[in-house]
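Take a look at the structure below.
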Amino acid sequence: MKKWVNVVIKLGVIALFFLLVFLMSCSRSREEVRAGFLSNNISLGKHYGRVYKVIDGDTFWIKNEQGRNVKIRLIGIDAPEDKNAFKKKKHPFGKVSKRYLDSLILDKEIRLEYDVDSLDRYGRTLAYAYLSNTFINADMIQNGYALLMTIPPNVRYESQFIVSQKYARKNRLGLWGLSDDPVFD
């Protein structure tokens with residue numbers, strides 16, 4: 001009987017140890033895991049990365065400050081697809097949108113800023129991107145290469161994006177030159 005008590009106690013201690021390890025691994029703060037920039041001394045300030053691949057008009061890959069590859073999805077915009085992806089179909093303006101973003105940021109160092117949610121359902125890092133004084137997200141909308149698409153709670157610059165889209169629409173820039181009501185399937 002005493003032997004079984006010792007076995008149960010040992011199993012309990014082992015189980016407690018693994019539970020503790022599991023809880024510690026889950027205890028990193030949101031700021032520490034924000035945007036795939038996991039490190040011990042992360043700050044919520046500015047993050048930089050070099051763009052090495054543009055996927056489409058709202059998604060690209062960077063190598064971050066820690067040398068990790070991170071897939072970035074621009075917050076607040078929706079660009080047409082240049083190929084069939086997920087449940088979205090290829091759109092004729094997709095290649096134009098991708099080329100424009102490519103010309104802006106490919107092989108350049110950009111600054112990233114985050115909002116409330118840092119990841120989307122596909123595991124992409126959600127960010128606002130800046131190249132020097134150019135706010136990339138707003139630029140894509142203002143020049144008609146993307147449409148406004150805000151998803152709460154990431155709505156920090158929604159009013160600026162609305163103004164940008166009104167400008168593009170009024171001046172029939174990009175997508176607005178093709179249709180009065182551009183829609184992507």
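The values are calculated or read from the model by the stated rules, or taken from the named source; none is laboratory data. Just so it is clear, the model here is predicted, and its values are computed rather than measured. For neighbour counting, all protein chains shown are included, and Cβ atoms are generated from backbone atoms with ideal geometry for every residue, glycine included. These area figures cover heavy atoms from the full protein model, side chains too; ligands, DNA and RNA do not enter into them. Shrake-Rupley method; radii C 1.70, N 1.55, O 1.52, S 1.80 Å.
Return the carbon/sulfur percentage of the accessible area of the stretch 41-185, one whole number, probe 1.4 Å, all protein chains in place.
Working: 3850 of 7710 Å².
Its accessible area is 50 percent carbon and sulfur atoms.
First check a/c for the stretch 142-185, with a ≥ b ≥ c the square roots of the eigenvalues of its C-alpha gyration tensor; if it is under 1.5, answer rounded, and if not, answer prolate when a/b is larger than b/c or oblate otherwise. Show your work: numbers first, answer last.
Numbers: a/c = 3.04, a/b = 1.58, b/c = 1.92.
Oblate is the answer for the stretch 142-185, as a/c is 1.5 or above yet b/c matches or exceeds a/b.
Of GLY76, TYR128, TYR145, which is farthest towards the positive pole of the stretch 70-185's charge dipole, taken about the Cα centre with +1 and -1 on the beta-carbons of Lys, Arg and Asp, Glu respectively?
The one lying farthest along the dipole's positive direction is TYR145.
Filter the trypsin sites (Lys or Arg not before Pro) in the stretch 118-163 down to the DSSP loop ones having no more than 11 other Cβ atoms within 10 Å, then list what survives.
Working: sites: ARG121, ARG124, ARG156; in loops: ARG121, ARG124, ARG156.
Hits after loop and neighbour filter: ARG121.
Could you please put TYR100, TYR52 in sequence from largest to smallest accessible area, using a 1.4 Å probe?
Values: TYR100 50, TYR52 95 Å².
The ranking, largest first, comes out as TYR52, TYR100.
At 7 Å along Cα-to-Cβ for each site, give me the label-to-label distance between ARG99 and ASN69 in nm.
2.6
Would you mind classifying the stretch 54-124 by shape? Square roots of the alpha carbon gyration tensor eigenvalues, ordered a ≥ b ≥ c; an a/c under 1.5 is rounded, otherwise it is prolate if a/b is larger than b/c and oblate if not. Display every interim value, and only then the final one.
Numbers: a/c = 1.98, a/b = 1.35, b/c = 1.46.
In terms of gyration-tensor shape, oblate.
In terms of solvent-accessible area of protein heavy atoms at a 1.4 angstrom probe, what is the ranking of LEU104, LEU112, highest value first?
On the way: LEU104 35, LEU112 0 Å².
These residues rank, largest area first, as LEU104, LEU112.
Quick check on my link table: of LYS71/LYS98; LYS46/LYS166; LYS108/LYS166; LYS53/LYS83; LYS46/LYS71; LYS63/LYS166, which ones sit more than 27 Å apart, alpha carbon to alpha carbon?
Numbers: LYS71/LYS98 15 Å; LYS46/LYS166 29 Å; LYS108/LYS166 29 Å; LYS53/LYS83 16 Å; LYS46/LYS71 17 Å; LYS63/LYS166 34 Å.
Pairs exceeding the cut-off: LYS46/LYS166; LYS108/LYS166; LYS63/LYS166.
Run the numbers on the stretch 60-138 and let me know its relative contact order in percent, using alpha-carbon pairs under 8 Å that are six or more apart.
Values: 100 pairs, mean separation 21.7, N = 79.
Once normalised by length, the contact order is 27 percent.
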